[in-house]
Amino acid sequence: MNTYIERRPTFPMGTPYLGLWIIHHPLFCTGNYEVYSVQDDSKTLFGIVIRCRTQEEASQQKEQHLTWWQLQGKNKINILANDIRVQDGWYLFLACIVILHKIISFEDFKISSLNQVQAESLISNLITVCKLAHTHGINPVINIGTTLLVEQNNVIDGIPLFVKTLTLSVEKECVKSIAELVYFFTTGIDIFRLISESGKKTAIPPANRWNKNINQWLSLLLSSCFDFKDPQRIISLNDLQMRLTSGQDVAQPTEEIQQNQKPLKHSDSKNLKGLAKVAGMSALKELLIEEVIRPIRDPEPYKKYGLTIPNGILLYGPPGCGKTFIARQLAEELDFYFIELIPSEIASSYIHRSVLKIRDIFAAAEQHAPSIVFIDECEALVPARSALGGEQQYKSEEVNEFLVHLDECASKNIFVIAATNEPDKIDEAIKRTGRLDKMIYVEPPDSEARIQLLEMYLSGRPLGKVDIGNIASLLEGYSCSDIRNIANESARLAFREEKAIDNNYLEKAIDRNPSSLSPDILLKYKKFQQRGI
C-alpha cells in the first residue's frame with residue numbers, strides 16, 4: 001500500500017492501538033480517513049480510523065464499514081477488533097483488520113508495473129466490487145490510498161477499505177476512480193494529483209506510453225473513463241464491463257494481416273460534436289433541431305406565435321438503437337449543465353428517501369440552469385401508478401414528486417430528456433403535453449446510419465474486400481448494438497483463419513446472428529401513439 005499523507009495523523013508511531021497492538025507507521029491520512037500499519041509478533045495488520053463529529057455518525061460509520069468488510073468475505077478480510085472512542089473532540093471509529101492474501105504495493109512491481117492481464121483482472125474485479133456495494137446501498141471509495149491491491153492465484157484484486165453513502169453520480173464516480181487507480185498501477189504516475197496541485201488542465205498521456213506491457217486498446221479504455229471531452233465517455237459500470245469484455249474477446253491480428261490492412265474511409269468523428277456524432281438518422285436529427293434545439297436557443301420568434309419552450313421529450317423505441325447516445329449528444333449540442341438521473345441510484349430502502357433525492361436533483365438543476373436532466377430507463381422511475389399495489393405503493397409518492405418538478409421545469413430553464421424501451425409502462429400523467437411535450441420514436445438505424453456504423457466498427461481492423469453498401473442492406477432491421485456484434489463476430493471468424501475481414505466473414509456473421517428486434521417487437525412500437533416524427 002502506498003503512503004499517502006495529506007495531514008497530521010491522529011496517532012504517532014509507537015502508540016498502543018485497541019489495547020492489543022502497537023502502531024508502526026501511518027499509511028494513509030486524508031480527510032476523515034486514516035490507515036496505519038499495526039504490528040504484532042507475527043504479521044502486519046491494518047488499523048482503520050474514521051473521524052466523526054458526533055457519536056451517532058460514528059455508530060453509522062461502524063455499522064456501515066463492518067457490513068462492508070464482512071461482504072468482502074472471510075477469505076479476504078478478517079475483522080479482529082473494533083471500538084468507538086473520544087479523543088480531542090472527535091468520535092473515532094477504530095478497527096483492526098487482517099488481509100489474508102499477499103498485499104501488493106506499486107513498489108513491488110519495480111519498473112514493470114501491472115501488465116496487460118493483471119490490469120484487466122483488476123478492472124474486472126473492481127467492477128464486481130462496485131456492483132456488490134451498490135446492491136447494498138453503499139459506494140466504495142476507490143483511490144490510490146484507500147484501495148489495497150492483493151495477489152491471489154496470480155490474479156490481482158482490489159479491496160477498497162472505505163465506503164460512503166451513495167451519491168447522485170456514483171456510477172460515473174466509480175468508473176473514473178477505477179480508471180485512475182489502474183492508470184497509476186500501470187504507469188506509476190499519480191498524474192491526477194499532480195494536475196490538482198498545479199491547477200492546470202493537462203491532457204492525460206496514454207498509459208502505454210509509460211508501460212510497454214499494456215496495449216493501445218487498454219490505454220484508450222482508461223482514457224474513455226476520465227476524458228470529459230470524449231463524446232463516448234464511459235460513465236456506467238455495465239458499459240465499462242461490456243467494453244472490457246468485447247476488447248478481450250477480439251484478439252490482436254497477426255503481423256502479416258496488419259501489414260495488409262486496408263482501413264475504411266470514413267469521416268473523422270473526433271472533430272464532430274453533438275448530434276453530428278449520431279450516425280445517419282437525418283429525419284430524427286432534423287426533428288430535434290426544429291422542435292427542441294431552435295426553440296431553446298432562440299425562443300423569441302416562437303413566443304410571438306404563442307409557442308412555449310419545450311418542457312421535455314421522451315425518446316422511446318426498441319433496445320440497442322441509440323436512445324441514450326442520442327440523448328447525450330443532444331445535451332452536448334445544447335451545451336447545458338448536465339445531470340443524469342439513474343433510477344437505481346434513486347431507490348432507497350427508507351421511506352421518503354427517494355422523494356428527497358428527486359427533490360435534490362431538481363434543486364441542483366435549478367441552481368446550475370440552464371440545465372438538462374436526463375433519465376434513462378425512466379419506466380423504472382415513473383411507472384404507471386394504476387399498476388402499483390401492495391409493497392410497491394410507495395412508488396406513487398415518487399411519481400407525484402417527479403410530476404411536481406416536471407410541471408415547473410420550463411419556467412426554471414430546466415429541460416428534461418427521458419428514454420425508455422417500455423413507453424406503455426410509464427405513468428400516463430408524465431406523457432401528456434405540457435410535461436414531456438414530445439414523444440419521439442427512435443427506430444432501428446436507417447441505411448445511411450448502418451453504413452456509418454459499419455465503417456466505425458470495422459475501422460482499424462484488418463480488412464479485405466468489403467462492400468459496405470451491400471452488407472448494410474443485409475442488416476435492415478438490426479439495432480446499433482446488433483451491428484456492433486456483427487463486426488465483432490466477423491473479426492473473430494477472420495482471426496481464427498488468420499485472414500482479413502471481408503464480405504464472406506461478414507455474411508457468415510449475419511447468418512449466425514439474426515436481429516434481436518423481431519417483427520412483433522417493432523410492431524409494438526409502431527402501434528404506440530407518437531407525437532413528433
DSSP-assigned coil residues among GluC sites (Glu not before Pro) in segment 1-104, each with at most 16 further Cβ atoms within 10 Å: Glu6
Two-site label geometry, Gln216 and Arg8: point separation in nm, points 7 Å out along Cα→Cβ: 5.2 nm
Cut-off under 5 Å, modelled amide H: who pairs with Ile375 long-range: Leu341, Ile417, Ala418, Ala419
Quote the FRET efficiency, to the nearest 0.05, computed for Arg359 versus Asp335 with a Förster distance R0 of 41 Å and r equal to the Cβ-Cβ distance. 0.95
Estimated FRET transfer efficiency when R0 is 41 angstrom, pair Leu474-Gln70 (beta carbons, to 0.05): 0.20
Keeping to pairs on different chains or 8 or more places apart, tell me how many lysine pairs in segment 413-531 have Cα atoms under 20 Å apart. 13
Calculated FRET efficiency for the pair Glu408/Val86, C-beta based, R₀ 60 Å, to 0.05: 0.85
Return P(r) of segment 411-458 (all Cα-Cα pairs; 5 Å bins starting at 0; whole %; ordered from short to long distances). 4, 14, 20, 17, 12, 12, 11, 8, 2, 0
Inter-site label distance for Ile103 and Ile79 at 7 Å from Cα along Cβ, in nm: 1.9 nm
Based on the Kirkwood radius over alpha-carbon pairs, what is the Stokes-Einstein translational diffusion coefficient of segment 1-84 at 25 °C with 0.890 mPa s viscosity, in µm²/s? 179 µm²/s
Counting heavy atoms of the protein chains only and a 1.4 Å probe, report the per residue accessible area for segment 8-129 as a whole number of Å². 49 Å²
Give me the distance in nm between label points sitting 7 Å out from Cα along the Cα-to-Cβ direction at His25 and Gln39, one decimal. 1.0 nm
Sorted by average packing, counted as other Cβ atoms within 10 angstrom per residue and highest first, what order do 464-471, 313-320, 485-492 take? 313-320, 485-492, 464-471
Residue-wise HN-Hα coupling along segment 218-225, computed from phi with Karplus coefficients 6.51, -1.76, 1.60 (Hz; x: Gly, Pro): 5, 4, 5, 4, 5, 4, 5, 8
Per residue solvent-accessible surface (Å²) - segment 381-502, probe of 1.4 Å: 42 Å²
Would you kindly calculate the translational diffusion coefficient of segment 380-529, applying Stokes-Einstein with the Kirkwood radius from alpha carbon pairs, for 25 °C and a viscosity of 0.890 mPa s, and quote it in µm² s⁻¹ without decimals? 132 µm²/s
Determine ³J(HN,Hα), in whole Hz, for all residues of segment 444-458 in sequence, where each value follows from phi through the Karplus function 6.51 cos²θ - 1.76 cosθ + 1.60 and θ = phi - 60°; x replaces Gly and Pro. x, x, 6, 4, 4, 5, 5, 4, 5, 5, 4, 4, 5, 6, 8
Residues with amide H under 5 Å of Leu45's amide H, sequence separation 5 or more or different chain, H placed in the peptide plane at 1.01 Å from N; which? Val38, Gln39, Asp40
Can you list residues whose amide H is under 5 Å from Asp502's amide H, if they're 5+ apart or on another chain and H is modeled 1.01 Å from N? Gly464
Based on alpha-carbon centroids, what's the gap between segment 475-529 and segment 1-71 in Å, whole number please? 53 Å
In sequence order, what are the phi-derived ³J(HN,Hα) couplings for segment 72-83 according to the Karplus relation 6.51 cos²θ - 1.76 cosθ + 1.60 with θ = phi - 60°, rounded to whole Hz, with x for glycine and proline? 5, x, 5, 6, 10, 10, 10, 8, 8, 6, 7, 6
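The values are calculated or read from the model by the stated rules, or taken from the named source; none is laboratory data. This is a predicted model, so every value here is computed, not measured. No Cβ is skipped: glycine too gets one built from the backbone with ideal geometry, and neighbour counts run over all protein chains shown. Calculation scope for accessible area: heavy atoms of the full protein, side chains included, ligands and nucleic acids excluded. Shrake-Rupley method; radii C 1.70, N 1.55, O 1.52, S 1.80 Å.
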